Every structure is written in structure tokens, then in C-alpha cells.
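Everything below concerns the one structure shown next.
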Amino acid sequence: MRKFVATLLCAILVVTQVAAQNKTIRGRVTEDGKKPLSNTSIIVKGTNVASKTNEEGYYSITIPANGKVLKFSSLNFEDQEVNIGSKSEINVILANTVSELQQVIVTGYGTTKKATNTGSIATVKAADIENLPFSSVDKALQGKVAGLQSVASSGQPGASQAILIRGASSITASNAPLWVVDGVPINAGDASRLQTTGNLLSTLNPNDIESISVLKDAASQSIYGSRAANGVIVVTTKKGKSGKTKFRFDTELGNSDVAYVNQKYKPLDANEYINITREGLVNAGYSTAQINSTVSSLGEGNGINFNWFDNIMRVGQQKQYNLSAEGGNDKTTFFLSGGHFAQEGTSINSQLKRTNVNVRITNKATDKLTVGFNLNAGNVNQRAPLAGGAFGNPLLSTYFLLPTYSAYKPDGTYNYVLNGGLHNTVALSELDKRFLRQTSARGSVNGEYKILDNLKFKSVYGIDYNGLEEDQYNNPLHGDGLASNGRAFAYYTRYFNYVWTNTLDLQQNITSNGDLSTSTQIGYEAQKSAGYFSSLQAQQFPPSLSLTWPASGASPTTSSATISEYTFESQFASTNLNYKNRFVLSGSFRRDGSSRFSAKNRYGNFWALGATWNIDREEFMTNNTLFDQLKLRGSYGVNGNAGIGNYDAPALYGFGFNYNQLPGSGPTNVGDENLTWELNKPFNIGLDFSILKNRVNVTVDAYIRKSENLLLSVPLSNTSGFGAATRNIGSMENKGIELSINLVPIQTKDLRWDLDFNFSNNKNKITSLPNQADILSGNFIIREGQSLNTFFLREWAGVDRSTGDPQWYVTDKHQASSNIYPGANSRILAGQALPKFFGSLTNALSYKGFNLSAQLYYNFGNQVYDTWRGYYLGSGFGATFNKVKRQLEAWRKPGDITNVPKYVYGGNKNFSGASTYNLNDGSFVRVRDIQLGYTLPKAYAEKLKIGSANFYVRGTNLFTWVKDQNLPFDPEQGTASASNLNVFIPKTVTVGLSLAF
Amino acid sequence: MKRITIKNMIVTTVLFLSLASCEKSFLELKPPTSLTPEFALATEADLQVALRGAYAGLKNTALYGRSLMVLGDIMADNTYQSVLNTNRYTAFNLYNYTVTDGDVSGLWTASYTVILRANNIINSPIADNANIKQIKGEAYAIRALAYYNLVRYFASPYTVDPSKLGVPIVTTYQADLKPERAKIADVYSLINKDLNQAYSLMTVFTNSSQFSKYAAKALQAKVYLTMGDKTNAKAAALDVITNSGFTAISAAAHAGYWAGVAPRTDKVETLLEISFDAVANNAFDALSYIYLQSGNYGDMLCSTDLYNLFEASDIRKSLYASGTRGGLASVFVNKYSSFTGDHSDTKVIRMSEMYLIAAEASYPSNTVDALKYVNEVTNRRGATAIASDGQALLEDIITERRKELAFEGERYLDMQRLQRNIVRSKNYPSAALSVDFTNFRRIMPIPQGELDANPNIKSQQNPGWF
């Protein structure tokens, strides 16, 4: 027996030795353990010995004596090296790195893979939106997605944010994209009624988001039918992974200050104001006695020089904390999180606090049935000051209140006597209140049942609840409450939106070998959004500052409640045909019924066709070494826009035109029973390629989308008793190119440099209007052949050097000029509010544990309108209001060359009137984000018994370069590009810490 | 892999479709706070509600809410803007307002909004009865009032040339109408037709906040005077004086009259006023707020030369208080005394004006009557009786109008119909001390918004405006 054992051992040793000298190894290479990877090359490292896998993925290779390591490589898969050792069979599964081809992309009502996707979909990952000092996720999207323009108009925390995807498709109807959170189309936008701005998305914590898909073309959008025209933003919240429960804690603290200040547009100090006023009174021809008494009444020599700007602007505090836990077993997984976010605006009276919780549980009840539940709920407490021309607007008082009036009396109490009936907003920020408490809950219960291996039924019942409580109190001593002896408002707004979606999904091979396969979905969806609004106001308050609720008011003046609802009922289907992942053809159809249209136009049909060709999968590309990926996509379809009021179709008589406290009625809506969907017909062609082992990744898209049957607010002659009526008339076109480039210029063991660049160009053109007639709307003209939101203004012709008078061109021909404010016929096309191109450049460097990244956002080609310019730079108009430093450049004597006319008390020849003087080039480049971080090495982290730790310092909007040195305020002023004395957009510096354990 | 069987497919589809069925009414949602016109104007009671809507339209800040009353005085020589101001009506103080002026377009738009509301009542097919007649009569009078204001502000005075362009006449609702301007004469003939209808249809006096038979007649007296038709003006004024049952306010009751805030049922003085109450008022934008010094505004002051017209004994003088504003000696206007709680109403037509019309219309043919009627006013105010004759008598009557109707929106319109230059006191900006009758800004422009939306009116802008 011993002998036998010894012989056997000896034999094994010999065999081993023999094999090591020249043995053959066999095995199989697969993608996922099953699917064979043909054509994979296998080389014995350090030798010339090579082999390849066959159709079934099998290979064999003879190992020379010095062979120790086998290297497997296959197109679109990560190389793998295996020590040969004593093995005789080596089976390998190659990781599908590269390839995003197999990467799952969330789309409408399901997912797709990059290889089978025919649409233009951009994806934003959690890491790009986590821990940012933004009050809502829409703000975080700026610069992240080619073709998506995200613009703020206010720096108020919780302010609404305008998003345009591939330009604006409608003139009057909504241009806002549809937001879908975990499969539920939600109400987004600003639902506040007493606040100057609000944002329903501010209750959603960006840290709870796992991914965002932006659906940009027909193939990806049209499954959402009538609400797809402005693009769809599909948000997926975080899911738990099974395994040991993991915790994660993130915190961030910082400060914010005004991002852009133009010194020329700071208010004058007391001396400067008095001097220019005296000058203006002389120029207006007042007598010396009148001049002296007037400047004295305006505070000359009273010793006060109060800086309203400094007293109203402030450094705001910023903080957030987020904690999450995830885990589970093979049956049940969970994800739990909670967060707190607090931000103060850049001026007094502006703040937001958010607290939110998030739960997701998924359970595999049986092999066939999976059930899930998720709920994302948040509460926001926001305080926003008044905006625009309101006397209680702190920003307005910054520019309008005289420096010769202080916010305080000598004894330290508030001063209530100010120039021009304006309010002491420093006092009001303490004495008045304006709050919004917004509670949102978004969630669903869902079930998925596998009827067959390839057929599943899914049902999602989702809810989207938003409750807004708004309170306002105006004290009886000073300000807006004075006339009514104090007043208080309490508004309650509630939107409850439910959506029930049922889908059937079928995966089916058409040929038995699976070369041709299809996946098909049919679905049904019903949605109802119910808005409820109650409003009350009471006046006549007791002489106290602490009784601030309407209950204390003696005279109730508003007591109102109403509802507003809409419903959608839809059937939809989509399918795609896939030939070997080389060719994919997709189609979708949706029939929508909407309550917004009359019975005869209630239903609309929407569809799309898409195709993709994965050229890299073609046999002729087998020997290609350049392209890691090469993909061509195209799509065309029709979707719709029903983004009008809930009751715009019928002619209506409204009530509330009361007289002697008895009911009165009047016509309120012209109505049009033929009103129907606005149509949007996007055509898209795209190319994706990756070269140099995926270190260069490029996506290019070109599109034309035509909007027809525009839901247009057509101006009527006011003699009809109406100003405008909504009609289906006119058409518009958006054309553009989008480019996204991702480069990895350096990639070594320790150092990695990532460079991301995106560029979007969109050209909007009105292609037809009723009777080719221009539509004038404020400072804009809507004219065939021009972009939407094109400014139409009298043309400024400079200051007359000899008289100091303002001058305008007399006609629209840029010829003769005059010092008489010209008529309406002299208005010219003066540039557009929408940028010609925009995008971002992001550089990210990581070296060992350190990482440094910077994102530059750029925006070119639009004009910004300074709405209130006439007041602070009107050459004497509104003379009892303060002026800005630029006013000091006023013309003083013949020969002076300046662009600011002679200052005449009361105004110099309508210089304050709207003209191209109010326009500034809005082009800018901004350091949107800059971040320096350090991740603790794993070894240390383990010693500290934590999973990982990451510290960082971040700056947001730190630097802003503008092209036009006379641009008064931040270049970001909404999609209409007009400033309105809103809270200034902040720049923020924060430090953060992320711990996982 | 399992294949899908026909049976499986059928079961699945049936199951699915059963989920997909939905109630038909799911997509039928009614507007919660509005009615379609056929339901809003179906009955007599509905017309009564619609009539209140027409009155409510007159409450607009651009009309009797504020602008009509302020413009009528600031575009003349009664009220001026303090150096300490909130910038309201600056352009009218300076007489440099433009075609884009918001007060101008407000006046235009708000007037036609009222006209639409009145038209829909007048054109109602509901069968006549006494109540319907009353409602329609009030609507006719409201429409006449709106056109009367429009044609006086946006067109040259009738007394210059009635064949010139007036304002578009719209008497039926048609959303897409792009009307041209009608002749001034045609507008006045519509106004008179409407007022005749109003006079013959109405039988009820509710209170001073609504038109009554004699309020319509009183308005017609003003209209005739504006047209220079003194015979008819006098006849209409005397009809009111003699037959209406209204009495003019006495000196003793004068202060209390202006302090009152509620519509009157006693037929004293007020033939028509637009009523504002504690609930429905224009808050900061109320007429009283721009005059009274106790709020934040108080922009508008009484001109020195107007103030100096009042004798010490004149009870009207107590409506004006001396003080200082913006470092300058100023006279404050306290005619509209309330901007908290129940707000001051805006007087549209008063009995005292009927006497003034009768007086002016009697001149020069019957100076005895002229003196008699003008002194019905002076003797109720503690002012010295007028005893002049000739041109001086006319001037005294015009001055008495100025004193009695100051800050009631009449002065500028008087200067228009009398085709007079406006000479303003030193309180006004030096650039705008005299505003000749020929100054193109004496007539408002067709607002830019109307020119932009209505191609047929584009070439019909008033002279001087472009």
C-alpha cells in the first residue's frame, strides 16, 4: 500500500513536470457563464503562442515551457490574465466593462441596454448629483446633459428652475419636461401661490437618486405620448443590495455669497446721491430755493449714509446631513435614508430647510412574484422675500431706498419714514413673515408576476402628494400691512396625483437560435391629478407684533376654496426587433385621452419609430482595432403637448367680480371647442463611438423637431373685451447638434485624468403664424423666421454729445436718430433670450486618494433684459429713488462722451423707457463646480473600522466671467432672460465628509 | 424555453383588458368656479349677477378705482405729483407719457372689458319683464359711460370736429373682431341712444352705487354739455333737478358727506358712485391712498392756485389741509378719506354738477338762469354768490366747476371740451407748466398693444403719436 502511494505520488509529479514542459489547456470563454464569446484571443504571455475561441467559445492552446500566464482579450470586454499553474482546464468569464453596450438604461416603462437602445438618452449618475449645495435636483442638472438647458432666475433656496430640453417647443403651452419618479409621472414646477417662487422638486433629496435618464428624442419619449414633447426626465431612486447592512453618512457645511456683483451697479452713497440730485434739479430748471429745500428734504447733510446693499446682502449658511442604510437577503432587500438640508439665501429673509425620508423594500414572494414598495417623503420650510417691483422686496429697496435714510432711528429702533413710500425691508424681515411649508410624498406599490419565463405582468400604483401651507403676515405698523391695520394670509394648496400603470412584457426569440428576437410591451395607464386650494385673508389686527395668524384679524376679507383637476387615460405599446444585437428596430404607440379637451378632440395618437446599427458587431469589424464601439441611431415620431390650463377649452364666465359684496360675473375665457394637442415631431440621428480602448468616447446627435398646431395664445384686439385666446395655430422648429466627449488622457495605476465636454447648439425658428402676423408680447416679438423670445425694442442711439440728451433711432432702419422717444414702428429685432449654444467642460484628476475636479459651464449668444433699469439708471426718472454708480458717468458738458445721458430731476426725455439700452450680452462662463477631495486609504479605513471615508472642499459658482462689462446682474435670468430683482444667485463654498461603514 | 400558447395569450389579454376598462366620465371634468356662458346667463337672476360684474369692472384701478379720477386732474392743473413720490403718474405730471404707458392701455382695456360685460347683458335673449328692463337699462347706461370716457380720452373733443376718428364701436361679442375707429359723432350717437334706452327702461332706484333713471339722465346732461349741445344739456339737467327727487348736499352736511363711505339710499347728492367696500377694494392702489398722507403714498397734492380759489368761509376748503411734504409747503387732499375698512367710494355724478351744467348751458342765452343755478352751488358752500356777467360769468361758472368737482376727474375733460390751454401753477415741473390745447399729448394715443394686435387700427393713430 505504501509502495502504491509512493508510486502514485511519483507519477503525479512526473506528469506534472511533463505537463509543465509542454501541456495543452482547454476551456471555454463566456460572457456571463452561459453565453459563448467567440473570437476571443488567447495568448500565452511573453510568448508568441496564441489561439482563438470558436463559435461556441471553446479553445485549446498548447503552453510552451516558459508559459506561466494566459491572457484573454475580446472586443468590448476587459482583458483577463490567469495563472496557468497546474490547471489543465481554464474557463473564463470576461467582464463586459467597456461596454456600456450592456449597461442598463432606464427608459419609460422599463429598461433597455445600450446595444438595443435606439433613442437619444442621456444618463446622470448618483455621484454627479449627490451632496451638492442645491435645493433641488433640477438645479444640479445644469451642464450635466448635452441638450438640457437648466436656468435659474432666482437665487432663492427652493426657487423654481426652468429646464428646456432641446429648446422650447411651444410658445404659450408649457415647455417644462415631464418628470417621472420611479415610474410615476409627477406634478413638478412651482405650485406656490403666496411665495414669489417655489419648486415641488425641492422636497426630493438628490442624495436619494440613483440615476436620471433624460429622454430626448421620439424613440425614447413617444411612449409618454401627449406629455413627451418637452422631453422626459426619468428619475430612479436608490435600491438596496442584499448582503451585510451598509451605512453611509454624508455631511456638508458651508457659506454662500452673491455669485456676481457688478461694481457699476452698486447703489450710490449719500454724497453721490445728493450731488447728482442737485445736478438734476439744476438741469430741470428749479430755482435755488426749490433745489435747496428738495435736497434737504431728501436728506442732504443729515449725517446719514446708510448702505442698504450691505445691510440686505449677507453671507448665508449652508448645511446638509444624509444618512442611509441598505441591505437584505436573497428574498428581500431594503434601502432607508433620511436627510436634512438647510440653506440661507444671499439676502435677508431668504432661506430653506428640508427634512426627508425615503424607504424602498423589494421582496421576492415566490419565484414568479416580486412585490415592492417605495416612498420618498420630504418637508420643506421656505421663506422667500417679495420680488420685482414690490415695495417689500429687499432687493428693490437695495436700489431704491436712499442712503440718507437709515433702517434704524438713532435710538436703535426701526425707522419707518423712508423715501417714496418704500418699505424698510430690514425691519420687515423681522416684523413680517412669509413662509411656505411644503410636504411631498412620492411612492408606489408595485408587483411583477412572471406568467412565463418570457412574459411578465407588472402593475404599479403610484401616488404623488404635495401639500403646501403658505402663511404671510404684514404687521400693522409699517409696510404692506399698514393700510389694513395688519393683515395675514393663510393659503393651503394640495395636489394629489395618482397613477395606475399596468404593463405586459414579452421577450421572444423569433428564430430558434435567438439571432432575431423581440421584446414587446403593452400597457394601460390612468392618471388623475386633483388640486385643492383654500385661501383666506384677514385684516385689522390688534396693535401687537406677535399675533401673526389670520385668527387674530377682525375683518376677514378673503375666504375662498376651489379645486382644479385633470385626468389622462392611455393605452400604449412598444416593441423592438433585435437581430444579433447588430440591428435593432423599435416602435412605440400611445393613445391618450385628456380631460383638457372637448369630447370631440379628446383622444390623440402618438407614435415613434427608431433604429440602431451596432456597426462594431458586424463581421467586417472583427479585425478592427480602432473602434471599441461604433453605433448609429435614428428615430422619428410624433408626440404631443397638452400643457395648457385644465379648463382652457370651453368658453367661460367666471365669478368673483363682486359688487357691494354680492356676486358678480364676467367672461373669463374665450374658449375654443376645437382645441387639441400641440404636436411635436422630432427627428434624431446619432452616432456613438469609443476608440483607444474606450479612452475616447463620443456621442453626437443631430435633430430637427417640428412643433405644429401650436397651442398659441393669440392676441386679440382689446376691444373684444379679451386680451388673448388659446388656439391651435402656428408652427415652430428646433434644430440642433449635441456633442458629448469623454476622454481619459491619463490612466495609470495611481493617476487618472477624466475630461468631459459637452456642447449643445439649438436654433429655434417660428415657421408659421396666423396670417404671418407678428405677435407682440411685452418686450418680445414672435415673428416668422425668428427665434422664440426675440427682443423687439426701440434702438438706442447713444447720448447726444452736445446736449446730453438720450437718442433713439427714429425708424427701424438704424438711420436718423432723435431725442424724442420714438414710436412703436421703430422697434427692431434686438437679439434672443435663448442662448445659441451652451455646455460644460469638466476636468477630473485623481491621484491615489486625492481627486480634483472642476466644471466650467458656458452659455453664449443670448441677451439679458434689465427690467428695472429705468429706475436706477433713468437719468432722473424716479428721482426720489436711489441710483447706481454707473449713473455717475452721466453727461455733464458739451463734448462729453458717455453712454449715460444728462441727469434731469424727474427724468430726461423718456430715457427710462424700454429700449435696447436695457439689453446686455448674456454670454458667460462660470466655474460651476470645483472640488478637491481625499479618500482615506483602505488600510487606514479598515483600522478605523469604517468602510471608507472621503473629505472634500467644494466651491459652486465661484467665478463668473461675463462678456458684457455693463451686465448689471447675474447672467442667469430664466429662459425669458429678464432680471426681476430676485434674490441673487449664490456662490457657495462647502466642506464635506462622506463615511461608509 | 416555454412557448406561449394561444390559451395563455387569451387569458392574459382578457385579464389585462379588464384592468384597462375605465369609466367614461373619467375624462369629463367640469370647471369648478366657472360656467359656460349659456349657463351663466340663463335666467333673470343670472343677468343680475352679470350686471354686478359690469359695475365691478368699473372698479378697476385704471377706471374709477383710481386712474380716471387722478388723470382728470393731473393732466390739468388741480393735482400735481410731490417730489416725494412712488412714481405713479409721473409721465402725466411731466406731460411726457408715451404710447406704451400702462395707465393709457389700462384705461383702454378696462373700458372695453366693461363694455363686453354690458354687451352680453344688453344682447341677452331672455324675455322682457320689469326686472329685465331695469337690468338692461343699467347695462345700457354702463356701456354709455364706458364709451363716454373712451371717446373723451382717446379722441379729439366733439366740439372740434365730430367727423374725426373716435373709438371702435363694439356692441356684440366677437372674440376675433379687429375693428376700425368709428367717427366721434357715431360714438356719441351710440352713447345717446344707450342713455335714452336706459332712461326709458329703468324704473328702480336701488342706491347711489347703481344707475337709476335719473342717473342716466344726469349722465346725458354731461354728454350734451361735452357735445356743446347746451339746449339738450340744460333740459336734461333740469329734468334731473326737477323730477328725480334728488337733493343737493347742504353746507352743514358737506363734511359728513365726504367722510361717508357707504352708498346712499336717501337720494342726497350722489346720483352715481362706484362703490368700494371693506372686502372688495383696491388696497394700496385705492384712490384715497394716493392722496391721503397717513399711508405710504400720498403722492398727489393740491395745486396752490386751486387752493387759493377757496375763500376762508368756503366749507370745501376744509377738505384740504396745509402741511409739508418733501421739504416743500404743500396742500393735502382729504376728499377721499378712507383707505382702511370700508374704502371711500368714487363719485361719478353728483346733483351739484347738475346745477353747474344748467348754469353753463344757460350761458349766454339766459344769464339769469346761469346765475341762479351756479349760485345753487355757491350758496350751499358758504362761498360768495356769483354776480358777474358776460365772459366773466362763464369764467366764474367754469371756476366754480373746478372748485366743486376738483379731484373728481373732471378738470382736464372740461379743458378739452372748452378747447383751452392748460396753465399750471409753479408746483408742476418747469418743463410742463403750460400745456397748449394743440399739444398732441392732450389726446391719448391708441395703446401700442392695440396697434400690435389690431391691423385695422394701425393706421388710425392719433396725430402726433407714432
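Hey, can you tell me all the residues within the stretch A:740-788 that are more than 14 Å from chain B (Cβ to nearest Cβ), assigned to a loop (DSSP other than H, G, I, E, B) and either of a type in the set (D, E, K, R) or in contact with a helix residue (DSSP H, G or I) (Cβ under 7 Å, 6 or more places away or on another chain) (or both)? Show your work before the answer.
Restricting attention to the stretch A:740-788, the residues satisfying the condition of being more than 14 Å from chain B (Cβ to nearest Cβ) are A:740-768, A:784-788.
Now drop any that are not assigned to a loop (DSSP other than H, G, I, E, B), which leaves A:748-750, A:784-788.
Of everything in the stretch A:740-788, those that are more than 14 Å from chain B (Cβ to nearest Cβ), assigned to a loop (DSSP other than H, G, I, E, B) and either of a type in the set (D, E, K, R) or in contact with a helix residue (DSSP H, G or I) (Cβ under 7 Å, 6 or more places away or on another chain) (or both) turn out to be A:LYS749, A:ASP750, A:GLU784.
What's the total number of residues in the stretch A:324-365 that are closer than 18 Å to A:THR990 by Cα and either free of Cβ contacts under 8 Å to residues at least 40 places away in the same chain or of a type outside the set (Val, Ile, Thr) (or both)?
Of all residues in the stretch A:324-365, those closer than 18 Å to A:THR990 by Cα come to A:339-346, A:351-354.
Still in the list and also either free of Cβ contacts under 8 Å to residues at least 40 places away in the same chain or of a type outside the set (Val, Ile, Thr) (or both): A:339-345, A:351-354.
Selection size over the stretch A:324-365: 11.
Is it the case that some residue within the stretch A:633-651 is part of a loop (DSSP other than H, G, I, E, B) and of a type in the set (Ser, Thr, Tyr)? Write out each step before concluding.
Residues of the stretch A:633-651 that are part of a loop (DSSP other than H, G, I, E, B), as a first pass: A:642-651.
Still in the list and also of a type in the set (Ser, Thr, Tyr): A:647.
Yes.
For A:GLY643, which of the numbered conditions (1) modelled with pLDDT of 90 or more; (2) under 33 Å from the mean Cα position of the chain (by Cα) fails to hold?
(1)
Of the conditions (1) more than 23 Å from A:SER731 (Cβ to Cβ); (2) at pLDDT below 90; (3) within 14 Å of another protein chain (Cβ to nearest Cβ); (4) under 33 Å from the mean Cα position of the chain (by Cα), A:ALA599 satisfies every one except a single condition; which number is it?
All conditions pass for A:ALA599, except number (4).
Of the residues in the stretch A:113-128, how many are crowded, with 22+ Cβ neighbours inside 10 Å and either part of a helix (DSSP H, G or I) or not aliphatic (A, V, I, L, M) (or both)?
4
Modelled with pLDDT under 95 and aromatic (Phe, Trp, Tyr): which single residue out of A:TYR492, A:TYR524 fits that description? I'd like the intermediate steps shown before the answer.
Values: A:TYR492 fails: modelled with pLDDT under 95.
On inspection, the qualifying residue turns out to be A:TYR524.
Look through the stretch A:33-81, keep the residues that are part of a loop (DSSP other than H, G, I, E, B) and hydrophobic (A, V, I, L, M, F, W, C), and return whichever of them is nearest to A:LEU630 (Cα to Cα). Spell out the reasoning first.
As a first pass, look at the stretch A:33-81 and keep what is part of a loop (DSSP other than H, G, I, E, B): A:33-35, A:37-40, A:45-49, A:53-57, A:64-68, A:74-79.
Subsequent filtering for residues that are hydrophobic (A, V, I, L, M, F, W, C) retains A:37, A:49, A:65, A:75, A:77.
Values: A:LEU37: 19, A:VAL49: 30, A:ALA65: 40, A:LEU75: 12, A:PHE77: 15 Å.
Step by step, filter the stretch A:33-81, then rank; the result is A:LEU75.
Out of the residues in the stretch A:741-793 that are at pLDDT 90 or above and acidic (Asp, Glu), which is farthest from the chain's Cα centre (by Cα)?
Across the stretch A:741-793, the extreme among qualifying residues is A:GLU784.
Of the numbered conditions (1) free of Cβ contacts under 8 Å to residues at least 24 places away in the same chain; (2) within 29 Å of the chain's Cα centre (by Cα), A:SER512 fails exactly one; give the number of that condition.
For A:SER512, the exception is condition (2).
Yes or no: B:PHE39 aromatic (Phe, Trp, Tyr) and either buried (at least 24 other Cβ atoms within 10 Å of the Cβ) or more than 10 Å from chain A (Cβ to nearest Cβ) (or both)?
On the way: aromatic (Phe, Trp, Tyr): yes; either buried (at least 24 other Cβ atoms within 10 Å of the Cβ) or more than 10 Å from chain A (Cβ to nearest Cβ) (or both): no.
Criteria not met by B:PHE39.
Go through the stretch B:417-457 residue by residue and tally those that are assigned to a helix (DSSP H, G or I), more than 18 Å from B:TYR89 (Cβ to Cβ) and more than 9 Å from chain A (Cβ to nearest Cβ).
Looking only at that region, the number is 2.
Of the residues B:PHE407, B:PHE466, which single one is within 14 Å of another protein chain (Cβ to nearest Cβ) and in contact with a Gly (Cβ under 9 Å, 6 or more places away or on another chain)?
Among B:PHE407, B:PHE466, only B:PHE466 is within 14 Å of another protein chain (Cβ to nearest Cβ) and in contact with a Gly (Cβ under 9 Å, 6 or more places away or on another chain).
Counting only residues that are within 8 Å of chain B (Cβ to nearest Cβ) and acidic (Asp, Glu), how many does the stretch A:640-665 have?
Going through the stretch A:640-665 one residue at a time, the tally reaches 0.
Do you know which of the residues in the stretch A:725-739 that are within 25 Å of the chain's Cα centre (by Cα) and touching a residue at least 40 places away in the same chain (Cβ under 8 Å) is nearest to the other protein chains (Cβ to nearest Cβ)? Explain how you work it out, then say what you get.
Just the residues of the stretch A:725-739 that are within 25 Å of the chain's Cα centre (by Cα), to begin with: A:732-739.
Still in the list and also touching a residue at least 40 places away in the same chain (Cβ under 8 Å): A:732, A:734, A:736, A:738-739.
Numbers: A:MET732: 20, A:ASN734: 26, A:GLY736: 30, A:GLU738: 36, A:LEU739: 40 Å.
Filtering the stretch A:725-739 for residues that are within 25 Å of the chain's Cα centre (by Cα) and touching a residue at least 40 places away in the same chain (Cβ under 8 Å), the one nearest to the other protein chains (Cβ to nearest Cβ) comes out as A:MET732.
Among the candidates A:GLY467, A:GLY447, which residue alone is within 14 Å of another protein chain (Cβ to nearest Cβ) and not acidic (Asp, Glu)? Steps first, answer last, please.
Details: A:GLY467 fails: within 14 Å of another protein chain (Cβ to nearest Cβ).
Answer to the selection: A:GLY447.
Does B:TYR112 fit the bill of being touching a Gly at 6+ places or on another chain (Cβ under 8 Å) and among the aromatic types (Phe, Trp, Tyr)?
Working: touching a Gly at 6+ places or on another chain (Cβ under 8 Å): yes; among the aromatic types (Phe, Trp, Tyr): yes.
Considered against the rule, which asks whether it is touching a Gly at 6+ places or on another chain (Cβ under 8 Å) and among the aromatic types (Phe, Trp, Tyr), B:TYR112 comes out as yes.
Among the residues of the stretch A:255-298, which ones are within 10 Å of another protein chain (Cβ to nearest Cβ) and in a loop (DSSP other than H, G, I, E, B)?
A:ALA284, A:GLY285, A:TYR286, A:SER287, A:LEU298
Quick one: A:ALA162 ticks every box in (1) surrounded by fewer than 23 Cβ atoms within 10 Å (Cβ to Cβ); (2) in contact with a Leu (Cβ under 8 Å, 6 or more places away or on another chain); (3) in a strand (DSSP E or B) except a single one, so which number is it?
Failing condition for A:ALA162: (2).
Would you confirm, using the coordinates I've provided, whether A:GLN537 is under 30 Å from A:TYR579 (Cβ atoms), part of a strand (DSSP E or B), at the interface with another protein chain (Cβ under 10 Å from one of its Cβ atoms) and not aliphatic (A, V, I, L, M)?
For A:GLN537, the condition - under 30 Å from A:TYR579 (Cβ atoms), part of a strand (DSSP E or B), at the interface with another protein chain (Cβ under 10 Å from one of its Cβ atoms) and not aliphatic (A, V, I, L, M) - is not met.
Got a number for residues in the stretch A:474-502 being more than 9 Å from chain B (Cβ to nearest Cβ) and in contact with a Phe, Trp or Tyr (Cβ under 6 Å, 6 or more places away or on another chain)?
6
Taking A:GLY147 as the residue in question, decide whether it is under 30 Å from A:ILE685 (Cα atoms), surrounded by fewer than 20 Cβ atoms within 10 Å (Cβ to Cβ) and not aromatic (Phe, Trp, Tyr). Even if it seems obvious, please write down each step before you answer.
Details: under 30 Å from A:ILE685 (Cα atoms): yes; surrounded by fewer than 20 Cβ atoms within 10 Å (Cβ to Cβ): no; not aromatic (Phe, Trp, Tyr): yes.
For A:GLY147, the condition - under 30 Å from A:ILE685 (Cα atoms), surrounded by fewer than 20 Cβ atoms within 10 Å (Cβ to Cβ) and not aromatic (Phe, Trp, Tyr) - is not met.
A:GLN807: without any contact (Cβ under 8 Å) to a residue 24 or more places away in the chain and under 26 Å from B:PRO429 (Cβ atoms), yes or no?
Answer is yes for this residue.
Out of the stretch A:618-630, which residues are crowded, with 21+ Cβ neighbours inside 10 Å and in contact with a Lys or Arg (Cβ under 8 Å, 6 or more places away or on another chain)?
A:ASP628 - this is the single residue of the stretch A:618-630 that is crowded, with 21+ Cβ neighbours inside 10 Å and in contact with a Lys or Arg (Cβ under 8 Å, 6 or more places away or on another chain).
Say we look at the stretch A:540-567 and pick out the residues that are of a type outside the set (Ser, Thr, Tyr) and facing chain B (nearest Cβ under 8 Å); which of these is farthest from A:ARG602 (Cα to Cα)?
It comes out as A:GLN540.
Which residues, counting only those in the stretch A:349-376, are small (Gly, Ala, Ser) and surrounded by fewer than 18 Cβ atoms within 10 Å (Cβ to Cβ)?
Correct list: A:ALA365 only.
Residues in the stretch A:695-724 that are more than 14 Å from chain B (Cβ to nearest Cβ) and either in a strand (DSSP E or B) or within 24 Å of A:LYS216 (Cα to Cα) (or both): how many?
Residues in the stretch A:695-724 being more than 14 Å from chain B (Cβ to nearest Cβ) and either in a strand (DSSP E or B) or within 24 Å of A:LYS216 (Cα to Cα) (or both): 16 in total.
The values are calculated or read from the model by the stated rules, or taken from the named source; none is laboratory data. The structure presented is a predicted model; accordingly, all values stated were derived computationally and were not measured. Every residue, glycine as well, gets a Cβ built from its backbone with ideal geometry; the counts of neighbours run over all protein chains shown.
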